[in-house]
Amino acid sequence: MNKRTVYDFGIVDDNEDVFEFHWEADKGGQCKLEAILQTERGPRRSELALVPAPVWSAVSQRAVRELVEGMGETERLKKAPTLKNGTNRLSPLIGRELAVLLWALMEVGDKGNIEAILHGWRELAREERWWLYTKAAAPGQRAGVGWRLALFHALSETPDSRVAELEVQKKKSPGNGLRSGRRAATKKKPKEKQRPASRQKQNPPIPLATARKRKQPPKLPTTGLKGSKAKNPAEKRAKRMARKAAQYN
């Protein structure tokens, strides 16, 4: 790998913090992501992720396309940027998004969930990836435990597995048994015999003014609302990942 050749993935500020992605295209090569922080004593490097080159090559084109499509006008030039063999400099925002994907790919091993991880990562909004980065990059987080392992399990979930999990939760819900019991009791209840029309008690007519007072305005549904705002789907996914991260700490 030619270390002297450096490519900029979009617009990168030389005076600010940057990320560097080192791509060795060889089969036995490695792809490494580093964070370079500007300090009073000079730049400080820290390794964030390391994945085999074949693993990255399997998702590189679609991952780069996803990053480019999410970039704003102030993050790139007219020509779409690309990641090349060698050293690529990334802006802090792009570097955080890429780190979330690489952390999940580090846990793949022989489990073969690369496609599911890429799909789950592309479903996240940029703000969600930035938020997950702050959690997984916190002190004490490392490969194989905590948030980084939780990212692998959360992103590698297929849509079928998520639906199956919801079905299991619905079956375990105590409310379902009560409702089913009520329905059964309703079915077993014998029907009452109707009295002849002449014996039925006729209710006296309600005055018009009283009927108007009894009318109530329709109630709006309040299920899933907190105050006046509905729950954010991004918040739900973040909470689900937080619960999974707690299991691996």
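Read-outs throughout are calculated quantities, based only on the coordinates presented, and are distinct from any laboratory measurement. Predicted, not measured: the structure shown is a model, and the values here were computed from it. Note: ideal-geometry Cβ built from the backbone for every residue, glycine included; neighbour counts use all protein chains shown.
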Cα gyration tensor shape of segment 34-104, rounded if a/c is under 1.5, else prolate or oblate by comparing a/b with b/c: oblate
When R142, R126, R148, R89 are ranked with the fewest other C-beta atoms within 10 Å first, the list becomes R142, R126, R89, R148
Separation of the E127 and K79 label points, Cα + 7 Å toward Cβ, nm: 3.4 nm
For K84, K78, K27, which order do you get if you count the other beta carbons within 10 Å of each Cβ and list the fewest first? K78, K27, K84
Show me the ranking of peptides 40-50, 129-139 by mean Cβ neighbours inside 10 Å, starting with the highest. 129-139, 40-50
Under the 0.36 nm per residue contour assumption, what length would be gained going from the current alpha-carbon distance of T39 and A143 to full extension? 34.9 nm
